[in-house]
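A.B. asks: Quick one: the structure is below, questions incoming.
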Amino acid sequence: MQLSNVLFSGHLDKGEKILDVMHRHVFIFFKDSFKTLFFGLFMPLFFLILFPNSFLIAGIWLTVGFAGMLYHFIDWYYDAWLLTNFGILDIEKNGLFDKTSTRIEYHMIEGISYTVKGFIPTILNYGDITIDKMGAQTSVILKEAAAPKQVERMIMKYQERFVTEKSYRDHSALKDMLSEMIAYHIQNKKIKK
């Protein structure tokens, strides 16, 4: 969790803490990066075995392969939902220089649902999670999320905790305001007499 706090700290507001980070299933990372893994890492090693004197070509080829795998990893890692103590941040990374962030506070969540379609998603337990925001026509979707049912329950647990704490803070603030009003009223009565 410490690494997530450092890597995603630019997305957080003051006093906001990351409780959990939800990523796409790791199978999706390997599925998306399979070609790069095969042609960028395995093929140069095989080429090096066939032609042992071609270190320079294989080295350059491996470097490009590692860079490609790093690109796929960054793209996978930064497609995430940050579950914080205030709400949910949906971060989408499309390439190295294209990033989108959407915030939904817990009290603005109207509904949460998940969908698991297909044989492989059912076996590997991944699917799409959808959050409907109050008063908005659009939904926020984390595609191919790992363990969608557990994520749904986790969000509901954090939402319930947030609403309970907010209700307590609002109750305390109202109580303090009323006591100040009564004290002010009593003070003004004494001055008038």
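Taken together, the values in this text are just the output of simple stated rules run on the coordinates, not laboratory data. Just so we're clear, the structure is a prediction, and the values are computed from it rather than from any experiment. Counting neighbours? That spans all protein chains shown, and the Cβs are built from the backbone with ideal geometry, glycine included.
A.B. asks: Would you tally the residues in segment 91-119 being β-branched (V, I, T) and closer than 18 Å to A147 by Cα?
C.D. replies: So the count comes out to 3.
A.B. asks: Restricted to segment 143-193, and to residues that are in a helix (DSSP H, G or I), among the charged types (D, E, K, R) and under 19 Å from the mean Cα position of the chain (by Cα), which residue is farthest from K117 (Cα to Cα)?
C.D. replies: R161
A.B. asks: Kindly list, by first and then second residue, each pair from a residue in segment 142-159 that is more than 17 Å from Y106 (Cα to Cα) to a residue that is surrounded by 17 or more Cβ atoms within 10 Å (Cβ to Cβ) and among the hydrophobic types (A, V, I, L, M, F, W, C), limited to pairs with Cβ atoms under 6 Å and residues at least 6 apart or on different chains.
C.D. replies: Pairs that qualify, where the first residue is more than 17 Å from Y106 (Cα to Cα) and the partner is surrounded by 17 or more Cβ atoms within 10 Å (Cβ to Cβ) and among the hydrophobic types (A, V, I, L, M, F, W, C), are E144/I28; A145/M22; A145/I129; A145/V151; P148/I129.
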